[in-house]
Amino acid sequence: MAKQPKLVLRESCVYDVSRDWPPGDFVEMGAGTGGMTRLFLDRGFSGACHDLGEDSRAMMRANLSGYGQKIQIADRIEDLPDEWYDYLLAFEVLEHIEGDLDALRAWSRCLKRGGRLLVSVPGHQHKFGKSDELVGHVRRYEKAQLRALIEEAGFTDLRIVNYGFPVTEITRRFSNFLVRNERSYDAMDTVQRSIRSAQVKPKAISGWLKVFSGRLVTPFCFVQRWFYGIDLGDGFVATAVKR
């Protein structure tokens with residue numbers, strides 16, 4: 001499946017901020033169908049992941065079956081052990097949750113003291129558009145808002161980088177244009193839209209990706225590094241340490 005340009009840029013940024021991390025046990029929340037999970041498994045990490053959608057978990061089990069015992073798919077977060085994992089991962093998840101602070105605190109019980117958090121979220125509320133509505137976003141984050149959230153959840157040594165600039169300034173507007181008349185999600189609530197977003201893209205977006213794959217933006221993975229410290233891009237990647 002062709003990747004969206006923003007996903008290619010996000011994956012590159014996630015790798016940049018975690019490239020020096022030694023392999024260990026991770027737990028990933030809201031793992032969708034396992035795309036980001038695979039990136040860490042291929043780097044020698046192992047662990048567990050969870051997604052709210054039963055269909056998503058089934059797809060994840062199929063997609064990650066080749067990794068054997070390196071990865072477990074948890075049907076319930078409550079089944080995950082306390083203070084066990086070295087890393088807590090959540091990519092494009094918190095923006096779907098009304099009670100984001102409660103969720104982050106609940107997830108962090110699985111993380112060892114001194115363990116690392118790694119999350120990504122969409123940035124800047126003024127950029128909220130039709131594409132956000134379709135996938136069940138309830139917000140986009142400002143940098144200060146994300147910092148306050150992570151610190152209040154019990155983390156320190158926080159680093160936030162802003163990724164995607166300048167490409168996502170174009171692709172976001174184009175995506176909103178493509179889905180402006182999309183109605184297939186109208187009967188779904190926010191949770192249903194969130195689950196579906198991990199499984200399939202709107203038809204208009206999927207059709208365009210056959211022509212304009214995210215691979216075409218690969219050179220901009222290097223360009224975006226110049227802007228990591230400038231609050232211009234379409235999303236944030238944040239790391240922190242559990243107190």
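The values are calculated or read from the model by the stated rules, or taken from the named source; none is laboratory data. Please read these numbers as outputs of a predicted model, since none were measured by experiment. Every residue, glycine as well, gets a Cβ built from its backbone with ideal geometry; the counts of neighbours run over all protein chains shown.
Worth pointing out:
- When the stretch 108-127 is filtered for residues that are more than 25 Å from GLY233 (Cβ to Cβ) and touching a residue at least 40 places away in the same chain (Cβ under 8 Å), the ones remaining, listed by number, are SER108, CYS110, LEU111, LYS112, ARG113, GLY114, GLY115.
- Look at the stretch 197-224: where a residue is of a type in the set (Ser, Thr, Tyr) and a partner is at pLDDT below 75, sitting 6+ places away or on another chain with Cβ atoms under 7 Å, you get SER213/ALA2.
- Qualifying residue in the stretch 9-19 (condition: more than 28 Å from GLY114 (Cβ to Cβ) and buried (at least 22 other Cβ atoms within 10 Å of the Cβ)): yes
- Index of the failed condition, GLY32 passing every other in (1) small (Gly, Ala, Ser); (2) surrounded by fewer than 21 Cβ atoms within 10 Å (Cβ to Cβ); (3) under 26 Å from LEU9 (Cα atoms): (2)
- On inspection, ARG225 passes the criterion of being out of contact with any Leu (no Cβ under 7 Å at 6 or more places or on another chain), within 15 Å of SER12 (Cβ to Cβ), in a helix (DSSP H, G or I) and modelled with pLDDT of 85 or more.
- Filter pass, ARG139 being at pLDDT 90 or above and part of a loop (DSSP other than H, G, I, E, B): yes
- Restricting the stretch 122-136 to residues that are under 18 Å from GLY99 (Cα atoms) and small (Gly, Ala, Ser), the residue that is modelled with the highest pLDDT is GLY123.
- Looking across the stretch 159-172, the residues that are β-branched (Val, Ile, Thr) and either over 15 Å from PRO5 (Cβ atoms) or part of a strand (DSSP E or B) (or both) come down to ILE160, VAL161.
- One residue from SER175, SER184 being within 27 Å of THR33 (Cβ to Cβ), of a type in the set (Gly, Ala, Ser), assigned to a helix (DSSP H, G or I) and touching a residue at least 12 places away in the same chain (Cβ under 8 Å): SER175
- Residue list for the stretch 177-212, filter: modelled with pLDDT under 75 and either of a type outside the set (A, V, I, L, M) or surrounded by fewer than 11 Cβ atoms within 10 Å (Cβ to Cβ) (or both): GLN199, PRO202, LYS203, SER206, GLY207, TRP208, LYS210, VAL211, PHE212
- The lone exception for ASP55 - which of (1) under 26 Å from GLU151 (Cα atoms); (2) among the acidic types (Asp, Glu); (3) not in a loop (DSSP other than H, G, I, E, B) it fails: (1)
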